[in-house]
Every structure is written in structure tokens, then in C-alpha cells.
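Below is one structure, written out as C-alpha cells, with a few remarks after it.
Every read-out reported here was derived from the displayed coordinates using simple, explicitly stated rules and does not represent laboratory data. As the structure is a prediction and not an experimental result, all values here were calculated from the model. As a convention, Cβ positions derive from the backbone with ideal geometry for all residues, glycine included, and neighbour counts pool all protein chains shown.
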Amino acid sequence: MRRTSVIGVGTLLSVLFVSAGHSADVANIPLLPKTPSVFVTRGPYLQMGSSTAVTLRWRTNQPTDSYVRSGTDLADLNDVAFDVSSTTEHEILVEGLSPDTKYYYSVGDATGSLAGGFDSYYFVTSPPTGAAKPTRIWALGDSGLAGASAEAVRDAFYDFNGGTHPDLWLMLGDNAYGIPGYGDGSQVAYQVAVFDRFPRTLRTSVLWPTIGNHEWVSSFEAIGPYFDMFTLPKNGEAGGEPSGFEGYYSFDYGNIHFICLDSNDGILMGASPDPLSEWGMIPWLESDLAATDQDWIIAFFHHPPYSKGGHDSDRERNLILMRENALPVLERGGVDLVLSGHSHSFERSVLIDGHYGKSSTLVSANILDSGNGNSLGDGEYRKYHGTYSHNGTVYAVCGSSSRLTEGSLDHPVMATSQLRMGSMVIDIDGDRLDARFLDIHGEVEDSFTILKRDVLSENSSWVRYE
Ligand SMILES: [Fe+2]
């Protein structure tokens, strides 16, 4: 028997139970007898994509076995990956795939499909590592507030993106704020703010999250739901050096190396693993950067090293610690772009290097290009082709994807500081990076470009990072 797909029922149930203040998790809600009796209540969603594999996850209302049927021909999903153990939290690794290839899929159990098998259920594997391919990245920060604003930010991107999927997307932390009866970062909060809000993107684009303070609180108290919900590459499954811990990790997509860091207190201040210990985050970051020779390096973590929004990077510990500990390593490793959230505003720097103190200590030597980086304004930022130490980095704070918080918005490294809701769209094509801040109304309120077309002269003092 081939079961009928019933996407949306889980959404309805979660809303009903949330509004009633029920304390049970969605997965444990007792269901009235109905036909069909098994249906998907979360997902499917894509995790840990690489050029040869992807992990599909979904949740069902009742335990079943787990089957993914996939193929390049929608009419012939003849590749089957499965796990016969019975669970409501399904997680299937699909391997042996071809790079840069579109696969359609369905998820279900041994008897048939529960979701998918349509042309809107697909994934595209990553390009071969090192291969340049036009790539679109969507970045949301602090998108976790339930309500119309977050949906408008989402819809502005959907309109901008013309109905297709981004190649990958980042969530910069605080992805699900608490709602009445359910705590920050809880399963139900995530159901409302992530899984029910973005089903279309979750099933077609691999989501790479970083952990914010609103996830960290609940996660560390109870080995929490953040690490249960996400499957992240702690063993280098998608490129990069193994971190051994899902809180921070790296991966490759084409000619881009991505680094996710954990900027929360527990990691930075000595909880296991100690960031400065042999096995901690900063030593791992050093080894990871030394091992990559990708054209582009993008790092993302929740707490911004520079901000004068709702949070002040001159005064707050996590922000200072990231600036003092992570930035020297990142800049020595040649990072091009750093994305953060936490402050509920949009702030974006000029091309800078070596500024690790308070804002009052900024000197002209830290500013490598004081322009706005816009080809129609002051001109694009230019860097040497390849990865060179201290060749300039742009820092963006994009924590306004569902809410706004006022601040002085006057950090001196910033080219622009705006109390405006929206998300970031980053396009990389070969040696060119174009980044935009897309506001809640679909207007581009900031854009800058980094070009890597300059070649070193023989007597240059720049040092290639290897
Ligand atoms: Fe935060």
C-alpha cells in the first residue's frame, strides 16, 4: 500500500497545542485515530550536504522505519536508503551521489512514501571541492521571533530569489525564541519558528545553523534539542578539519570554505571543550584554516565582534572574547567575510584588519579600504587572489530577521548601520563576491562587492597563509 502524504497536519497540531499552552512536545501528542495513521509532522529537511552525500531528516507522529527513495528522474526514484529501526526522528544518510547534481526524493517507510515524490522535493549536491560555481547563500540572524515580521522577511527573500532555492542557507543563532509555555530553543519553539515557517527551503536547501544564546541556554541544561535537531559535520563529513563537536564545524561548498564557530559562554570560558585547550575551538580553527586552500572563506557565529546595536562589543564579554581570541586567527587565515547576529539591527563594516580592541582603539592602519565597497559608489573592495593573511575582512551583523532593538549604531568600523529588518543574500561567482542586505519590503538597503583579481607583485610583503 502506498500511503498518502499528509504534510501540514503536524503544523496544525503544533499551533493548536501551542495556543492551548500544552506542555507536551509535538512528537508526543496523542493522535485521534485517523486514516492514514502515520504522517510527517516535521520536515523533511536537509543536513550536512556534500558533493557526494546528504542527510535527510524528518519526524513522524508514530514510530516507523525510515526510507529515502531518490533519483535524478522524478518518475524513477529507484535509489533506496533505509534504516529498519523504529523511530519518530528519522535520519538517513544518502551516499554515493554525483557532485553538482539534482536528485528528487521522497521520505517514508517500507510500505511507501509519506512525503515527497513531487518536483518540489529535491536536493542538489555540492560542486566538487574547489570548483567555482555561481552560488547563492541566504543568511538569517535572530529570525526566531514568531509572527508576521519574520514571515515578511522570508517572503521578501522568496520574491527576490524568484521561486527557486538558495544553494545553501545559514541561521546565525537565536533561531527560535521561547513562546508561551515553551522555552527558548525548545522543540516546540523550533517547530513554530523554523520547521513550520520554512518548509519549502528546508526540503530543498541544506541548512547550516550556528548556536545562539537562546539555543545554548536550553541545550546545555539538558543536552538540549539544538543538538538533537541538527546533524552537523563534527567529523569533517563535508570538508574541513574534524572538530569533534557539533557546536563548531567547517565545510566546503565549491570554492568556498565555511566555518561555524560557537561564541557562547560555555565554550569560550572553559566548559568542555575548553577553546584554548589542545582540543578546543581556537586550536581547531587554526588547524582548519591551515588546511584549506579555498578561494573564499566565510565564518559565521552568533555574537558579533563589532556592534553598537542592541549589544555593545565594547562592553559585553562574549563579543569581546570572540574579537580577542577568534579574530586574530581568522584574519591570519585569510577570512573574507564574517557573519553574526545577536544585535537586532544590520551593521556592515568596511574592509578592515587587525582591530582587536575597543572601538576607541581603531586606527587608520586597521582600515584597508574606507569606502562602501559598492561598484556604483566608492568601488569594490579588492583583495589578492588566493588566501593571504591579513588581506582584509568585512564584518556583517544581521540580527534583524524577525525583530529590532535600538542602539547607538555608531561603531566606527561600520560602512552602514541600520535599524531595519531583513536578511542577507550573498552571491559568489568565481573571484567575485556580492552581498546584499534585503529588507522586509524587498528593498536592497546595502550592497558591497569583494573582488579577488589582484596579483601580488614580487616585492610585496603579503604572506600566503598555508
Ligand atoms: Fe542573541
Per the helix-only model, the chain has a calculated mean residue ellipticity at 222 nm (DSSP H runs of ≥4, -39500 (n - 2.57) each, divided over all residues, rounded to the nearest 500) of -4000 deg cm²/dmol
For 46-53, 296-303, ranked highest to lowest by mean beta-carbon neighbours within 10 Å, the order is 296-303, 46-53
So Glu406 and Asn366, fully extended at 0.36 nm per residue minus their Cα-Cα distance, gain in nm 11.7 nm
Straight-line reach check, Lys308, cutoff 14 Å on alpha carbons, 8 or more apart in-chain or any other chain, hits among aspartates and glutamates -> Glu316, Glu347, Glu406, Asp410
For the stretch 107-262, the charge dipole (Cβ of Lys, Arg +1; Cβ of Asp, Glu -1; about the Cα centre) points to a positive end, and the Cα of Asn255, Gly240, Gly108 closest to that extreme belongs to Asn255
Computed over the chain: longest principal axis from alpha-carbon atoms vs helix 281-291 long axis, angle to nearest 10 degrees, is 80
Looking only at lysines whose Cα falls under 25 Å of Lys102's and that sit 8 or more positions away or on another chain, we get Lys133
Length gained, His385-Asp83, 0.36 nm per residue minus C-alpha separation, equals 104.2 nm
Diffusion coefficient in µm²/s returned for the stretch 135-454 by Stokes-Einstein, Kirkwood Rh over C-alpha pairs, 20 °C and 1.002 mPa s, is 112
With label points set 7 Å from each Cα along the Cα-to-Cβ direction at Ala110 and Asp427, the distance between them in nm comes to 4.9
For the stretch 135-454, the dipole about the Cα centre with charges only on Cβ (Lys and Arg +1, Asp and Glu -1), to the nearest 20 debye, works out at 280
